[in-house]
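Single-structure report; data block below.
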Amino acid sequence: MTAESASPETRAFETEVQQLLHLMVHALYSHREIFLRELISNASDAIDRLRFEGLQDESLFEGQKEGRITLRPDPDSGTLTVADNGSGMDRDEVIANLGTIAHSGSQAFLEQLTGDEQEDARLIGQFGVGFYAAFMVADRVTVETRRAGRESGEGVRWASDGSGSYTVEAIERPELGTAITLELKEDAREFLEAETLRRVVKTYSDHIPYPVVLEAPDAEPETLNEASALWARPRSEITEEEYRQFYAHIAHGDTEPLAWLHFHAEGTTEYTALLYIPSRPPMDLWQPDARHGVRLYVRRVFITDQARELLPTYLRFLRGVVDAPDLPLNISREMLQSDQQVARIRKGIVRRVLKRLTEMAESESDRYRRFWENFGAVLKEGIPEDPSNKEELAGLLRFRTSRRPDEWVSLADYKAGMREGQQAIYYLTGDDLDTLRNSPQLEVFQAKGVEVLLLTDPVDEWVVMHLTEYDGTPLTSVAHGDLDLGDLEEKDSEATEERETPAGFEGLLETLRERLGGGASDVRLSQRLTDSPSCIVAAEDALGEHMERILRAANQPVPESRPVLELNPHHPLIQQMKQIHTTDPNDKRLEQWGWLLLDQARLAQGADLPDPAGAARRISAMMDELAGSGPTRIIT
Ligand code: ADP
């Protein structure tokens with residue numbers, strides 16, 4: 001079958017795309033000019049791609065080495081065409097790219113929509129569903145494209161009116177690259193005017209590295225943008241506004257950057273970097289296939305946006321450009337991994353970024369707080385990942401604490417607030433702040449006025465495994481091992497006298513150890529509790545209950561371990577148990593209550609019950625007993 005005789009095939013959009021298109025057509029009215037930024041940005045990416053592919057095979061350029069984006073308004077037909085001489089697409093790519101949402105977080109995107117036009121427009125840009133933005137201004141969109149390297153007969157035409165379906169057909173296409181033609185809506189004819197196009201291109205696309213040329217009927221071609229690589233210009237000549245616009249281009253969004261660094265390094269390795277810290281997390285920050293945000297250029301030729309070697313993963317939130325003139329243009333993935341220069345660039349970037357963050361933490365606390373709330377959990381990964389910068393990273397950490405649950409406390413702040421004689425920086429890990437704040441394990445710390453770091457990010461478990469001390473003071477879990485508040489207790493003599501450990505519990509503990517052996521590795525009296533009857537703690541060498549839960553959730557093997565049950569000898573319930581034991585060590589209630597103490601200690605720290613059915617049985621057995629013994633017993 002020849003290209004001319006094939007009839008168009010009609011295909012339905014993926015559900016998510018349909019939802020998105022609906023949104024484009026109906027909701028996002030006031031910001032619709034961003035459609036042009038999105039199409040130009042895609043065109044620029046396609047030219048980048050071809051320039052990279054052309055490094056191996058010059059013939060792909062078909063004689064047009066200079067990248068170029070053209071805008072062709074046609075008032076007669078009411079259409080605007082955006083064309084590029086980039087890589088183009090073949091049929092499969094057209095269907096995959098323009099019929100589905102390629103990124104796994106598409107559902108997340110739709111869920112994040114707020115109904116607020118400005119906010120949703122920002123999300124669209126940031127998420128990179130850019131192409132579909134064309135339907136904000138067009139009743140019908142036609143894409144004609146040919147993948148570079150194919151014969152001219154192997155072009156593809158894609159067309160849709162933005163409702164449920166689109167068509168694809170084979171076409172004859174001599175031109176290189178892609179042309180996207182928008183049949184503008186009646187109320188979007190302003191995008192045929194040179195004045196509007198000039199303004200919109202200047203605003204959003206001034207610094208893409210290729211010329212955007214206006215080819216209006218009856219006028220000379222006119223280049224609308226600066227078309228220079230912003231990063232290659234000296235810092236002193238660049239305005240804040242220009243930095244912001246460039247960010248909007250590379251971050252595919254119009255949101256403000258939180259901060260940026262622009263520097264040129266010379267010496268053994270020469271490179272220029274322009275790096276931005278976003279003001280909000282990208283949607284895919286926590287996805288394993290998250291986009292890589294830093295593009296590598298060699299003498300302004302785009303090489304790749306997949307140079308993961310340029311950044312450690314704990315800085316994956318950065319967006320920007322690195323231009324390294326001494327790298328070979330044809331650098332391959334394998335070379336990137338082993339290249340000494342790349343390793344040096346990475347080291348240099350890490351150093352600069354950490355320095356910038358340290359300065360921000362010192363002198364711009366509001367900005368740093370915003371940084372930390374968005375990216376702190378990512379930066380923390382650096383502690384286990386990058387031992388060579390551990391000290392610097394430790395200085396950047398911020399925590400909620402038992403004494404200051406609404407603040408972000410640094411380790412230095414914590415140390416400054418330590419009680420005299422306090423030997424360690426104490427911490428407790430768990431799922432959420434409220435559970436931690438109410439945890440029985442904190443009781444004695446509250447009573448003695450000792451601050452405890454409350455760690456709720458999953459990564460925190462790894463952080464504390466690798467950060468065993470800060471500035472000479474050890475970090476100690478309050479939920480592990482035998483608690484020793486050492487000097488602190490002696491100093492607080494009044495409290496200790498009053499709370500001297502009562503004697504005579506040995507028999508009870510021994511009995512409980514025997515009976516609860518399957519659930520607790522040990523039963524002992526607690527130094528941690530003031531109000532609660534019991535709590536569980538991990539044995540000194542165990543992972544800890546929270547860590548075990550994280551591993552289980554990730555389907556990782558968890559070593560068999562049983563917690564230690566600690567009892568509060570000052571609690572009336574425990575004292576009553578001692579009484580019962582003295583009267584009859586074989587009294588059934590001891591075992592029954594022991595299991596209940598174990599269950600409720602687990603619940604109090606937000607843990608799962610290993611045997612919920614058994615726990616329920618024990619509770620109803622106890623209720624039965626109480627009911628059976630009549631109302632007087634309950635009341636007294
Ligand atoms: P994004 O650009 O964020 O990936 P888009 O919906 O804007 O999302 O585009 C989807 C994909 O379609 C692009 O990633 C690219 O592969 C392809 N594409 C879009 N426009 C062009 C173009 N002008 N030339 C070549 N490919 C294009």
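Here, each number is a calculation from the coordinates, and none is a lab measurement. Since we're looking at a predicted model, the values are computed, not measured. Here Cβ is always computed from backbone atoms with ideal geometry, including for glycine, and neighbour counts include all displayed protein chains.
Mind checking the dipole of the range 3-222: about its Cα centre, +1 per Lys or Arg Cβ, -1 per Asp or Glu Cβ, Debye to the nearest 20?
Working: 21 positive and 43 negative charges, 62 e Å.
In total the dipole reaches around 300 debye.
How far is it, in nm, from the label point at residue 167 to the one at residue 334 when both lie 7 Å from their Cα along the line to the Cβ?
My value for the distance between the label points is 4.8 nm.
Quote the FRET efficiency, to the nearest 0.05, computed for residue 623 versus residue 510 with a Förster distance R0 of 30 Å and r equal to the Cβ-Cβ distance. Spell out each step's value before the answer.
On the way: r = 28 Å, r/R0 = 0.95.
In this case the efficiency is close to 0.60.
For the pair residue 616 and residue 266, how long in nm is the line joining their label points, each one 7 Å along Cα→Cβ?
7.5 nm
Counting only helical runs of four or more DSSP H residues, what would the 222 nm mean residue ellipticity of the chain come to if each run contributes -39,500 (n - 2.57) and the total is spread over all its residues? Working shown, then result.
On the way: 24 runs with 246 residues, N = 636.
It comes out at -11500 deg cm²/dmol, rounded to the nearest 500.
If you take the charge dipole of the chain about its Cα centre, with +1 on Lys and Arg Cβ and -1 on Asp and Glu Cβ, which of 472, 401, 378 is farthest toward its positive end?
Comparing the listed Cα positions along the dipole, 472 ranks first.
Can you work out the FRET efficiency for the pair residue 446 and residue 363, with r the C-beta to C-beta distance and R0 = 25 Å, to the nearest 0.05?
Details: r = 34 Å, r/R0 = 1.35.
After rounding to 0.05, the efficiency reads 0.15.
Pulled fully out, how much extra length does the chain show between residue 373 and residue 7, if you take 0.36 nm times their separation in residues and subtract their Cα-Cα distance?
Details: separation 366, 0.36 × 366 = 131.76 nm, distance 5.42 nm.
Contour length minus the Cα-Cα distance gives 126.3 nm.
By per-residue mean of other Cβ atoms within 10 Å, what is the highest-first order of 265-278, 53-66, 467-480?
Values: 265-278: 18.8, 53-66: 12.7, 467-480: 16.5.
Descending mean neighbour count gives 265-278, 467-480, 53-66.
Percent antiparallel among DSSP beta bridges with both residues in the chain, to the nearest 5? Don't skip to the answer; put the middle values down first.
Numbers: 62 of 81 bridges.
Restricted to the chain, the bridges split so that about 75 percent are antiparallel.
Starting from 0.36 nm per residue, how many nanometres of slack lie between residue 579 and residue 308 once their C-alpha separation is accounted for?
Working: separation 271, 0.36 × 271 = 97.56 nm, distance 6.56 nm.
Gain on extension, residue 579 to residue 308, equals 91.0 nm.
Report, in whole Å, the centroid distance computed from the Cα atoms of the range 174-239 and the range 247-305.
For the range 174-239 versus the range 247-305, the Cα centre distance is 23 Å.
Let me know the number of lysine pairs in the chain closer than 21 Å at the Cα, not counting same-chain pairs under 8 apart.
Total qualifying Lys-Lys pairs in the chain comes to 12.
Mind ordering 361-371, 165-175, 535-545 by average Cβ neighbours within 10 Å, highest first?
Values: 361-371: 15.1, 165-175: 17.2, 535-545: 19.1.
Most protected by this proxy first, the peptides run 535-545, 165-175, 361-371.
Just for the range 279-416, what percent of DSSP beta bridges are antiparallel, to the closest 5? Numbers along the way, then the final one.
Details: 4 of 8 bridges.
Percentage antiparallel, nearest 5: 50.
Set the Förster distance to 45 Å, then compute FRET efficiency between residue 218 and residue 57 from the Cβ-Cβ distance, nearest 0.05. Write out the running numbers ahead of the final one.
Values: r = 39 Å, r/R0 = 0.86.
Between residue 218 and residue 57 the formula returns 0.70.
Please give the charge dipole size of the range 230-368, origin at the Cα centre, charges +1 on K and R Cβ atoms and -1 on D and E Cβ atoms. Round to the nearest 20 debye. Could you put the intermediate results ahead of the total?
Working: 20 positive and 20 negative charges, 67 e Å.
Using only the charged Cβ atoms, the result is roughly 320 debye.
Distance in nm between label sites at residue 419 and residue 187, each 7 Å beyond Cα in the beta-carbon direction?
6.7 nm
Residue 47: net charge of surrounding residues, Cβ under 10 Å, Lys/Arg +1, Asp/Glu -1, itself excluded? Mind dumping the intermediate values first?
Values: positive: 49, 51, 68; negative: 45, 48, 66, 84.
Around residue 47, the surrounding residues sum to -1.
Multiplying the sequence separation of residue 457 and residue 561 by 0.36 nm and subtracting their Cα-Cα distance, what value in nm do you get?
Working: separation 104, 0.36 × 104 = 37.44 nm, distance 2.26 nm.
So the chain would gain 35.2 nm between residue 457 and residue 561.
Net charge within 14 Å of residue 367 by Cβ-Cβ distance, Lys/Arg positive one each and Asp/Glu negative one each, not counting residue 367 itself?
On the way: positive: 280, 356, 369, 370, 398; negative: 256, 359, 362, 364, 366, 373.
Spelling it out: positives minus negatives among the neighbours equals -1.
I need the semi-axes of the equivalent ellipsoid of the chain: take the C-alpha gyration tensor, multiply each eigenvalue by 5, square-root it, list largest first in whole angstrom.
Numbers: eigenvalues 794, 170, 87 Å².
Rounded to whole Å, the semi-axes are 63, 29, 21.
Roughly how many debye, to the nearest 20, is the charge dipole of the chain about its Cα centre, given +1 on each Lys and Arg Cβ, -1 on each Asp and Glu Cβ, and no other charges? The partial results should precede the final answer.
Numbers: 69 positive and 113 negative charges, 114 e Å.
So the dipole magnitude of the chain works out to roughly 540 debye.
Can you tally the net charge around residue 409? Count Lys and Arg as +1, Asp and Glu as -1, for every other residue whose Cβ sits under 9 Å from the Cβ of residue 409. Please list the in-between numbers first.
Numbers: positive: 398, 400, 403, 404; negative: 407, 413, 451.
Combined, the nearby Lys, Arg, Asp and Glu give +1.
Along the charge dipole of the range 3-222, Cβ charges K/R +1 and D/E -1, which of 205, 77, 145 sits furthest on the positive end?
Going by the Cα projections, it comes out as 205.
Run the numbers on the chain and let me know its relative contact order in percent, using alpha-carbon pairs under 8 Å that are six or more apart. Write out the running numbers ahead of the final one.
On the way: 1090 pairs, mean separation 57.2, N = 636.
Taking the mean separation of contacting Cα pairs over the length of the chain, I get 9 percent.
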